[in-house]
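Peer 1: Just passing along the structure, written as structure tokens.
Readers should treat all values here as calculations from the given coordinates under stated rules, not as data from a laboratory. Just so we're clear, the structure is a prediction, and the values are computed from it rather than from any experiment. Methodologically, a virtual Cβ is constructed for each residue, glycine included, from the backbone with ideal geometry; neighbour enumeration extends over all protein chains shown.
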Amino acid sequence: MTASSTTGERAARVAIGVWALLWACNDALPYFGGRDDSCQTMFSSLEWGLTPDGRSWNNHLVLPQLMVFDAWLNIELRDVSIEGEPRDRRERALYRWIQRPGRDRNIEAVRVAVDRLCEHHAVRFSFRRELMPPSAEWETTRWTPESFGPEIDACHDPSVGSPRWWVPVRLFETDMPSPDAPISDAGSP
Amino acid sequence: MSSIPLAGARLDPRLRLVMLFLVPGFIGHTIQLTAEDVPWDHGAWERYWWTPGWHLFVDPWVVVAIAVMLGLAVIGMGGTAAWDAPCRRVIEPRSARLWAMGVIVLYAAHYLTYPFRIRNHMSHMLASTGVIGIAWLLLAVREGRLDPRRADRLAMDGVALITCVTYFFAGLHKLNASFTNIAVDAEGNSIVGSSAVDGLRTFFLYGDLGTHPPAWLRYVAAWGTIVIETCVPVIAWRVRRLRFLAVSILCAFHVPHVAVMDVADYPMIASSFYPALFSRAEARIYAPYFRPSRWNVLGAAVGVAIQVWFIPWWGRLTIFGIFVLAFWGWSLASIAHAIASRRARRGKADAGRGRGATAVSSKPSG
């Protein structure tokens, strides 16, 4: 084996190690609130969230939870108003989705929808976060939901109007039935 | 890249098997995505617009075009890998490595523009095919040539590592209070939604094995899953003597997923990368035994019988599931045949040497 080939092989091995490390980081994202889709949590019964007093929790026996990202968060919208009529098929879809009652929406999906709608419309709503209590308390102590905040101009509120475009793919379910929604609203969109 | 020569160009037998096995893996991928996301459905077109991701930067037809080109590249990779013709250069139409590079690049594009849910198998596939591309690319760039033997060996080491990391995290996530809680209600369902308990009960129900799996078996299902996923792939990769047993355990572990959960795509794709857990020498020895024999026909028949026995309903992946279990039965029986044949030959050789030694010792001296 020549010296140059040794160098090439060594470089390749380092790159493989870095790639595997990145892959491990991807699979560790649930513990940082970063991902649920496609990080090997399938059929794992792993749960996580925030308590009403702001503590991160999960049901893992060993690993702690540290919510670095907010991409996991679902929010409930109220009093959604969009100025003007939808201009095309894409906007009609976004109108319908963001105004549909009885759904909790992933905050990143809301940001994407708001960002697109705000190109031609003013969007206003109030919202509250859907915090998840530890599942052990789920059955016994139904937590008090957060109260809705004041109505906001979503187009100028970066917390709900600016998508994280550096994230290339969907990381969480975009929406799901609200826990308080009547059964008739619980279907998929 | 076209000027980069290939010195001796046949594929590493493990890589060749990975390329061949990925063809049905992609079929499973396609069935699952088209069946669940139904891209031609009106609702899917609407979801496209509020799902976060880079697909929003391209027109929908680009997403479709990437997927179609990926399908063509997979067909090309499968065909050239089956043929495995010797090539002098990387860029030759009959070079399986060229088609594989096409698959790797297009798969990354497919992943980054997929407008709906990214499945576990998709990230696993991205990581595994990506590591092959990284190994080849770095060697080619640093050395100005691609020594296939070393390039493929590095690629297979990388795939084995990715496989171990993937399974490890799948097991690690399950080490939680819900998954390991085996308590059930009167009907036998988990009271905390443990996938292990509910999955085992489903397996029992559809297999006519009863309605209430015993407590000890629920323990085995929960903790056995964690132990298998965190440890067995590493054992398969690093412990030669236990390799076949470990790979058999991995396949058996996935049988319920195929048989009663209608998710045959993931197990097929995961098993497509199992050849990387073997050594090059083992793959060379085992490969000829994959030709039809009584062993592997029987193995495939057992696989089909298991799936037919457990079919819960005719799901979208049921027929594919029959293929997957037949394929595993065929493959494991072929390897078992190879091991048994070698042992038999070694036994005969030992016996021959023993007779020779006896003959020598019984020779009258002087």
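Peer 1: Give me a single rounded figure for B:173-184: the average over its residues of other chain Cβ atoms within 10 Å of their Cβ.
Peer 2: Partner Cβ neighbours, averaged per residue: 6.
Peer 1: Here is a further query. For chain A, what relative contact order do you get, as a whole percent, if you take Cα pairs closer than 8 Å and at least 6 residues apart?
Peer 2: It comes to 24 percent, rounded to a whole number.
Peer 1: Next question. With a 10 Å Cβ neighbour count serving as the proxy for reagent exposure, in which order, fewest first, do A:H60, A:H121, B:H124 appear?
Peer 2: Ordered from fewest to most neighbouring Cβ atoms within 10 Å, A:H60, A:H121, B:H124 come out as A:H121, A:H60, B:H124.
Peer 1: List the residues whose amide H sits under 5 Å from the amide H of A:E130, counting only those 5 or more places along or on another chain, with H placed 1.01 Å from N in the peptide plane.
Peer 2: Hits under the 5 Å cutoff: A:N74, A:I75, A:E76.
Peer 1: A further question on this structure: Which far-off residues, 5 or more places away or on another chain, put their amide H under 5 Å from the one on A:D175, with H placed in the peptide plane?
Peer 2: Here A:N106 satisfy the definition.
Peer 1: Given R₀ = 30 Å, what would the calculated FRET efficiency be for B:S341 paired with B:V227, taking r from the Cβ atoms and rounding to 0.05?
Peer 2: Plugging the Cβ-Cβ distance into 1/(1 + (r/R0)^6) gives 0.40.
Peer 1: Arrange the peptides B:69-79, A:106-116, B:235-245 so that the one whose residues have, on average, the most other Cβ atoms within 10 Å appears first.
Peer 2: Per-residue Cβ counts within 10 Å, averaged per peptide and sorted highest first, yield A:106-116, B:69-79, B:235-245.
Peer 1: Could you run the Karplus curve 6.51 cos²θ - 1.76 cosθ + 1.60 with θ = phi - 60° over the range B:129-146 and give me ³J(HN,Hα) per residue in whole Hz, x for Gly and Pro?
Peer 2: Listing the rounded values in order: 6, x, 5, 5, x, 5, 4, 5, 4, 5, 4, 5, 5, 6, 10, x, 7, 10 Hz.
Peer 1: Quick query: amide H of A:I152 versus all other amide H atoms, modeled in the peptide plane; which residues come in under 5 Å with a sequence gap of 5 or more or a different chain?
Peer 2: Here the answer is A:F125, A:S126, since their amide H atoms fall under 5 Å of that of A:I152.
Peer 1: How would you classify the range B:51-175 from its alpha-carbon gyration tensor, with a ≥ b ≥ c the square roots of the eigenvalues: rounded for a/c under 1.5, else prolate if a/b is greater than b/c, otherwise oblate?
Peer 2: Oblate, since a/c reaches 1.5 and b/c is not below a/b.
Peer 1: Enter the mean projected area of the convex hull around the alpha-carbon atoms of the range A:4-79, in nm², rounded to one decimal.
Peer 2: With the hull built on Cα positions only, its mean projection is 8.2 nm².
Peer 1: I need B:S334, A:S162, A:S178 ordered by Cβ neighbour count within 10 Å, fewest first.
Peer 2: A:S162, A:S178, B:S334
Peer 1: Right, something else. In sequence order, what are the phi-derived ³J(HN,Hα) couplings for the range A:61-76 according to the Karplus relation 6.51 cos²θ - 1.76 cosθ + 1.60 with θ = phi - 60°, rounded to whole Hz, with x for glycine and proline?
Peer 2: Each residue of the range A:61-76 in turn: 6, 10, 7, x, 10, 9, 6, 7, 9, 10, 4, 6, 6, 9, 10, 10 Hz.
Peer 1: Separate question: Provide the convex hull volume over Cα atoms per residue for the protein assembly as shown, in Å³.
Peer 2: Value for the protein assembly as shown: 203 Å³ per residue.
Peer 1: Among A:E9, A:E173, which comes first, second and so on when ranked by fewest other beta-carbon atoms within 10 Å?
Peer 2: A:E173, A:E9
Peer 1: Residues of A:34-40, mean number of Cβ from any other protein chain within 10 Å of their own Cβ, rounded to a whole number?
Peer 2: Average per residue, whole number: 6.
Peer 1: Going by a ≥ b ≥ c, the root eigenvalues of the Cα gyration tensor, does chain B fall in the rounded group (a/c under 1.5), the prolate group (a/b larger than b/c) or the oblate group?
Peer 2: In terms of gyration-tensor shape, oblate.
Peer 1: Under 8 Å for C-alpha pairs, at least 6 residues apart: give me the relative contact order for chain B, rounded to a whole percent.
Peer 2: Across chain B, relative contact order equals 19 percent.
Peer 1: A further question follows. Full extension from A:R55 to A:D70: what is 0.36 nm times the residue separation minus their Cα-Cα distance, to one decimal in nm?
Peer 2: Full extension from A:R55 to A:D70 adds 4.0 nm.
Peer 1: A further question follows. From the P(r) of the range B:141-228, can you give the percent of Cα pairs sitting at distances over 17 Å?
Peer 2: 59
Peer 1: Then there is this: Tabulate in residue order the Karplus-calculated ³J(HN,Hα) for the range B:207-220, using 6.51 cos²θ - 1.76 cosθ + 1.60 with θ = phi - 60°, rounded to whole Hz; enter x for Gly and Pro.
Peer 2: Once θ is set to phi - 60°, the couplings for the range B:207-220 become x, 6, 9, x, 10, 10, x, x, 4, 4, 6, 5, 4, 4 Hz.
Peer 1: Another question about this same structure. Restricting the count to DSSP beta bridges whose residues both fall in the protein assembly as shown, what percent are antiparallel, rounded to a multiple of 5?
Peer 2: Antiparallel: roughly 95 percent of the beta bridges in the protein assembly as shown.
Peer 1: Based on the alpha carbons, how large is the Rg to Rh ratio for the range A:59-124 when Rh follows Kirkwood?
Peer 2: For the range A:59-124, the value is 1.13.
Peer 1: Are there any helices in chain A, counted as whole DSSP H runs, that stretch 18 Å or more along their axis by Cα and score at least -0.5 on average by Kyte-Doolittle, and if so which?
Peer 2: Those that clear 18 Å and a mean of -0.5 are A:3-28.
Peer 1: Which whole number gives the average count of other chain Cβ atoms within 10 Å of the Cβ atoms across peptide B:119-130?
Peer 2: 4
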